[in-house]
Every structure is written in structure tokens, then in C-alpha cells.
Amino acid sequence: MRVLVVEDEPVLADAIAEWLREETHAVDLAHDGETALERIAVNDYDVVVLDRDLPRVHGDDVCKELVASERDARVLMLTAAAQLDDRVTGLSLGADDYLSKPFAFPELAARVLALGRRSRPAVPPVLRRAGITLDPARREVFRDGRFVPLSKKEFAVLAELLRAAGGVVSAEHLLEKAWDEHADPFTGAVRLTILKLRRKLADPPVVETVPGVGYRIP
């Protein structure tokens, strides 16, 4: 999934991003509300982890603008305030979930994963197709009962292909969801990752190339 972390404390922002990247998500960072709105305007995020007390543009206003834009991104709001009124206010602005600081990173990661499933058409928690089983929570992949060790990018690409349920997924979409904003759109990273993925999934071949369109698992 593509995640935007908006947090004005650089150390905490980096820690959140690193944890989520370990969970195979593509993560971008913003340290103020204005930068967050710029990122949201040009990228298609599944989840925005949004600190409420931000400089330049307050987190409440970022949340309101995101909701008004009718984008599909889900919002997990973070705040140092633990009072019920603060949580109610955040949710009333359109946030989908709320987490008070300090928090446990495994809980944050679990909430991000749950929100990401809600940002798209409903899919089962464990993805299965063509003899492949992918468990996002456990980060495990099996092919016909055989464990398949994958890199983070390979796992993320396979997850997108399985979520498409037989549909064609473009290289541009894979680049958007599995890589961060620093990825070169003209890179061969997607093609190389698909080649490695095919090799690890072994025969019979399961990832098809649709010339000029993208990839699919029929």
C-alpha cells in the first residue's frame, strides 16, 4: 500500500516510516500540513497517518481538505491528547481512526493495514489465487503449500496483483503502490521485480504479461 506519514517530529516520523516499510508499505513523509496537502494532491494514497498538531496547516484542516477532495485515502489521526472530546472532534472531521500518543508500533501498523483494506473494494484478509496464498498480516506467501520467501517489493507487487482478482494491473499502478515518491517513473524496477517474482513462484508460470497494458494473475 502507499502511505503518507504526516508528523512534525522528525525522529518519530522516521520511526513510523521505517516500521511501515518493514511491513512492505511504500511510505512518503511530510513534516507540516502544507507539504502534506501538496503530496496528497499529486499522489494516490491508501492511508494517511496524520498528526493533529501540525505547523503551517493544522492537521484538522488537512483532514477536512482530504475529505472534501473525495479521495479514497483513509485517515489515521495521531495526537498527544487522550481526552474523549479530542477523539470525537477528530473523528467528526472525517478521520477514520484515532490513535493517542504514545502508541505501540505494532498497533499502528495493524490499524494502517485495516484502513488500507477499507480504502479499496472489499477483499479478504488473506489473498488466494492460482494456488498462491498471501497473508498480509503475517507477511507470508505460499505456492501450492510451498513457502515462498519474497523481498518487500516482491511481496508488495504480488499483493497488488492478487487484489486485482484477475484484472490487469499496469506498471504505473505497481510503481505507485509499491515504491515511494522518489521512484523514477522511467525505471525498469517493476519489470525486474516481476522477473524475480516469476522465478521465485516457479513453474507453471502464473504472472502473465499483457503487452502494452500491464500484468495479471488469471
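Quick note: the coordinates plus some simple rules give every number you see, no bench work behind them. This is a predicted model, so every value here is computed, not measured. All Cβ positions, glycine included, derive from the backbone under ideal geometry; neighbour counts span all protein chains shown.
Evaluate the Kirkwood expression for the hydrodynamic radius of the chain, namely the inverse of the mean inverse distance over all pairs of different C-alpha atoms, and round to one decimal in Å.
18.1
Convert each backbone phi in the stretch 130-146 into a coupling constant with the Karplus relation 6.51 cos²θ - 1.76 cosθ + 1.60 (shift: θ = phi - 60°), then list the ³J(HN,Hα) values in order as whole Hz, x for Gly and Pro.
Per-residue couplings from phi come out as 6, x, 9, 10, 10, 10, x, 5, 8, 6, 10, 10, 10, 10, 6, x, 9 Hz.
For an R0 of 30 angstrom, estimate the FRET efficiency from the Cβ-Cβ distance between residue 15 and residue 72 and round to the nearest 0.05.
0.70
Can you give the relative contact order of the chain as a percent, counting alpha carbon pairs under 8 Å and 6+ residues apart?
Once divided by the residue count of the chain, the mean separation gives 18 percent.
Please list, ordered by chain and number, the residues whose modelled amide H lies under 5 Å from the amide H of residue 77; skip anything fewer than 5 residues away on the same chain.
Residues meeting the amide H criterion: 50, 96, 97, 98, 99.
From the phi angles alone, apply the Karplus equation (6.51, -1.76, 1.60; θ = phi - 60°) to the stretch 11-26 and give each ³J(HN,Hα) in whole Hz, x where the residue is Gly or Pro.
5, 5, 4, 5, 5, 4, 4, 5, 5, 5, 5, 5, 8, 6, 7, 8
In terms of modelled amide H atoms, which long-range or inter-chain residues lie less than 5 Å from the amide H of residue 57?
33, 34
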